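Data first, discussion second: the structure below is written as structure tokens.
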Number of protein chains: 2
Amino acid sequence: MICVLTGGTGGAKFVDGLRQVIPPEEITLIVNTGDDLLWWGLYVSPDIDSITYVLSGLLSRERGWGVKGDTFLCLQAMGQLGEPTWFHTGDRDLAVHLLRSRLLAEGKTLSEATSTICDKLGVKARILPMSDSRVETRVDTPSGELSFEEYFVQRWYQDPVHSVRFAGASDAEPAPGVIEAIVSADAVLVAPSNPITSIGPILAVPGVREALRRARGKVAAVSPIIGNAPVAGPAGILMAAHGLPCSIAGVAKAYEDFLDVLICDTKDARAAEALRANGLRVECAQTIMRSVEDKAALARTVLSFAVGGLLSEERVSGRPAARAASDQP
Amino acid sequence: MICVLTGGTGGAKFVDGLRQVIPPEEITLIVNTGDDLLWWGLYVSPDIDSITYVLSGLLSRERGWGVKGDTFLCLQAMGQLGEPTWFHTGDRDLAVHLLRSRLLAEGKTLSEATSTICDKLGVKARILPMSDSRVETRVDTPSGELSFEEYFVQRWYQDPVHSVRFAGASDAEPAPGVIEAIVSADAVLVAPSNPITSIGPILAVPGVREALRRARGKVAAVSPIIGNAPVAGPAGILMAAHGLPCSIAGVAKAYEDFLDVLICDTKDARAAEALRANGLRVECAQTIMRSVEDKAALARTVLSFAVGGLLSEERVSGRPAARAASDQP
């Protein structure tokens, strides 16, 4: 069993690779819910949605979020009603938000709602929200405190950032299965997600860091930073706000208490040397994921570093090439 | 000021005519909410929606419900999630349900939510739900008690009907403005709607019948029955279940305590004679509304019978022909 901590579009891409190289039944995903928002009165969980769509083959790979081939007529009509439209929910996408919101209104937990939706969409991997309690990523800026989606989507992460906090985290409990999945996995993979706002909220849930420290398998993280810049998004600004350099050293620092292997891009070979000198195992790989093949190759490489002999070479790399090459089912 | 009691597709057609011949600011509509339902967790008010769409020019005239040019991708996606799809909510249509549901969740009344939505859509007529309390039309059949939409939409009104009741009606209050609108109107028009399930719920709200009896203006109803059959829908079956003949005599009986003028189809000239012999004023007109012009003509005729000298001929009939002939704006 492989456990993955994930959030954001980098995480979704990584999981898109992973699903090509190991059977979905062997993957447990622990997903950031710090970005969750009430949108038009519906409970939207952007990172859970992206992972659900990746694993059901519904994700729009062009956009990196939402449902492929979706339309936006309800959004347009909401605009005509004077409602906000900065968060783009497609017409097909709305179905998941409607169903989840109804299940939550009926008293189901986010875990239960997620599990129901996954079943309906034929997702065989196990998707766990990091917590069933509400933990909200709040970004403190000169314009005031913003929710993550306000900062990221509505305002295009243009605001300077003083700090980030995870409101509700100290009272939150890990969702059922989260601690067990981390502790017992053959390997725990930290996706190339933003360390502050995608992985940070998961780590802020009491018990998660401790579970990572005592995990039976290796904990391997893929750096979302190459050189001194994130592959995408505001990770650099947010890391700086937390006193972390925007580099693989910053990523290593963010995860220092539990990290066994850091996988960085081949362009960071020199920086990797410096980190190795400090005693961390650092491996280099091609981490940019442009094609379906790139994603599968990175997943294969990361698994080989993290699991080593535990998974046979055949199981890690032997999935039919046709599956990797085909587009989403 | 003209007050209209309305529900169903017959009511929507009649209002579509009325809006062509009198300024919308002079119309108050009291709308059936007995069909309201929770659909996918959203509060849907089919008759308020239809009237709102008619008056904002958004109604699909082909379907007689919903938004013109709408798509049904969310519906399709809900089906894929295993959710019910028998009630057809379009993608644009969803926007109104989302906004109303959010407003209600925030503690607004149905009247307030309706008024907000009307403002946003530029509706200048006043649309009042019959009540802000929940009154549910329940249809008792051999298969058990059904909501109106289950009976009508899901099961195509194929079930035999024992009786109809309006759950919650005895505890309901008329929505703010309803009684005043009826009592003070220059005329009260009862649309050619189903007397049992479209007008019946309005009449079941305590105070409404009494207000109709003491209305300052004439109360004129358009018969939805021609000969011994309804123009559309299950009115005949439902009237029979309530011991009313399916004829203009049955319509007259349903409204007997407050009706001043019954407008029936020209085909019912003989039946009209019989009713007149009983002392009721009965007028004949072309009541089938196939075209935009039919609708305007019926509205003009009904107003002339109901208001007589109160509205000048010019105001009743003098709206520019171009408006009547043009399609929805």
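Some points to look at:
- Neighbourhood net charge (11 Å Cβ-Cβ; Lys/Arg +1, Asp/Glu -1) for B:Pro224: 0
- Distance from the Cα centroid of region B:63-86 to that of region A:280-298 is 41 Å (rounded to whole angstrom).
- Taken as Cα centroids, region A:135-165 and region B:1-38 sit 46 Å apart, rounded to the nearest whole angstrom.
- Charge sum, other residues only, whose C-beta stays under 9 Å from B:Val183's C-beta, Lys/Arg counted +1 and Asp/Glu -1: +1
- In order along region A:102-110, phi translates into HN-Hα couplings of 5, 4, 5, 5, 7, x, 6, 7, 4 Hz, rounded to whole numbers, per the Karplus curve 6.51 cos²θ - 1.76 cosθ + 1.60 with θ = phi - 60° and x for Gly and Pro.
- Cα gyration tensor category, rounded, prolate or oblate, for region A:1-86 with a/c compared to 1.5: prolate
- Note on A:Ser143 and B:Arg213: the model spin-label points, each 7 Å out from Cα along the C-beta direction, lie 6.2 nm apart.
- GNM result for chain A, Cα springs below 10 Å: residue of A:Leu303, A:Leu128, A:Leu146 fluctuating most strongly: A:Leu146
- For region B:1-144, the calculated P(r) over all alpha carbon pairs, in 5 Å bins from 0 to the bin holding the longest distance, is 2, 10, 19, 23, 20, 15, 8, 3, 1, 0 percent.
- Test item: Cα-centred dipole of region A:188-279, Lys/Arg +1 and Asp/Glu -1 on Cβ, debye: 180 debye
- Average beta carbon contacts from partner chains per residue of B:63-75, 10 Å cutoff: 3
- Net charge in the neighbourhood of A:Glu106 (other residues with Cβ under 12 Å of its Cβ; Lys, Arg +1, Asp, Glu -1) is +2.
- Relative to the Cα centre, the charge distribution of region B:53-146, modelled as +1 at Lys and Arg Cβ and -1 at Asp and Glu Cβ, gives a dipole magnitude of about 400 debye.
- Pseudo-label separations to other copies for A:Ser143 - Cα-to-Cβ vector, 7 Å, nm: 5.4
- For B:Thr287, the residues 5 or more places off, or on other chains, whose built amide H falls under 5 Å of its own are B:Thr266.
- Hydrodynamic radius by Kirkwood, which averages 1/r over all alpha carbon pairs of the protein assembly as shown, in angstrom: 28.0 Å
- Considering every alpha-carbon pair of chain A, the percent of pairs per 20 Å bin, from zero through the bin containing the longest distance, is 33, 60, 6.
- Amide H contacts of B:Trp65 (H built 1.01 Å from N, under 5 Å, at least 5 apart or other chain): B:Ser60
- Secondary-structure-derived ellipticity at 222 nm for chain B, considering helices only, amounts to -11000 deg cm²/dmol, per-run term -39500 (n - 2.57) for DSSP H runs with n ≥ 4.
- Residues whose amide H comes within less than 5 Å of that of B:Ala172, counting only those at least five positions distant or on another chain, are absent (H built at 1.01 Å from N in the peptide plane).
- Shape summary: region A:152-236 maps onto an equivalent ellipsoid whose semi-axes, from the alpha-carbon gyration tensor, are 26, 18, 9 Å in decreasing order.
- Protection proxy ranking, highest mean first, for peptides B:158-169, A:2-13, B:258-269: A:2-13, B:258-269, B:158-169, where packing is the per-residue count of other beta-carbon atoms within 10 Å, averaged.
- Partner lysines whose Cα lies under 28 Å from the Cα of B:Lys13, excluding those fewer than 8 positions away in the same chain, are identified as B:Lys68, B:Lys120, B:Lys124, B:Lys218, B:Lys253, B:Lys267, B:Lys295.
- Virtual spin-label span in nm between B:Met1 and B:His88, 7 Å along Cα→Cβ: 3.7 nm
- Relative contact order %, region B:1-95, counting alpha carbon pairs below 8 Å whose residues are six or more apart: 22 percent
- Partner chain coverage, peptide A:78-90 - average Cβ within 10 angstrom: 3
- Calculated from backbone phi, Karplus (6.51, -1.76, 1.60) coupling profile of region A:60-68 in Hz, x at Gly/Pro: 6, 6, 5, 7, x, 8, x, 9, 4
Each reported figure results from applying straightforward, stated rules to the coordinates on display, with no laboratory input. Worth saying up front: this structure is predicted, and the values here are computed from it rather than measured. Here Cβ is always computed from backbone atoms with ideal geometry, including for glycine, and neighbour counts include all displayed protein chains.
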